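The values are calculated or read from the model by the stated rules, or taken from the named source; none is laboratory data. Bear in mind the structure is a predicted one, so any value in this text is a computation, not a measurement. Heads up, the Cβs are rebuilt from the backbone with ideal geometry, glycines too, and the neighbour counts pull from every protein chain shown. Please note that ligands, DNA and RNA were not included when accessible areas were found on the heavy atoms of the full protein model with its side chains. Shrake-Rupley method; radii C 1.70, N 1.55, O 1.52, S 1.80 Å.
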Amino acid sequence: VQLQASGGGLVQAGGSLRLSCVVTGRTFGSNDFAWFRQSPGKEREFAAYIRWSSGSTFYADSAKGRFTISRDHAKNTVYLQMNSLKPGDTAVYYCASRASTWDVTETVSDYDYWGQGTLVTVSS
């Protein structure tokens, strides 16, 4: 599985951005996908999760009510719609994937495939 993230940029506080993660590879229909983010000097942290097959989702508390993760079968793409952005959302955002298991995981090391990251900067 290969992941190509894009869509980052500079936005004012209160604004919106949509990140995209194009997925390629022989088979990924039984994979889970997630968005993580990493701010300078901080650990990479989980933001949102989606199971490709069912579309079921899970969010970090910091993302609930503001971020929406989705996937488009026709475009082989996972999205992260981010609204009401805050300066604290400034980070490099990474998409990640792993073969689905029975549980949802927020743990970085549980994901086997990573995109290159896209920078989101939110100005106050």
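Odds and ends about this structure:
- Values of log10 I(q)/I(0) for the stretch 20-90 across q = 0.20, 0.21 Å⁻¹ run -0.85, -0.92, by the Debye formula with one identical scatterer at each alpha carbon and no solvent.
- Neighbour-limited loop hits for GluC sites (Glu not before Pro), the stretch 24-124 (at most 10 other Cβ within 10 Å; DSSP other than H, G, I, E, B): 43
- Magnitude of the charge dipole, the chain, Cβ model with Lys/Arg +1 and Asp/Glu -1, debye to 20: 320 debye
- Residues in the chain average 51 Å² of solvent-accessible surface per residue, probe 1.4 Å, ligands and nucleic acids excluded.
- Of all DSSP beta bridges in the chain, antiparallel share, percent nearest 5: 90 percent
- Taking the Kirkwood radius as Rh and the Cα radius of gyration as Rg, the chain has a ratio of Rg/Rh equal to 0.94.
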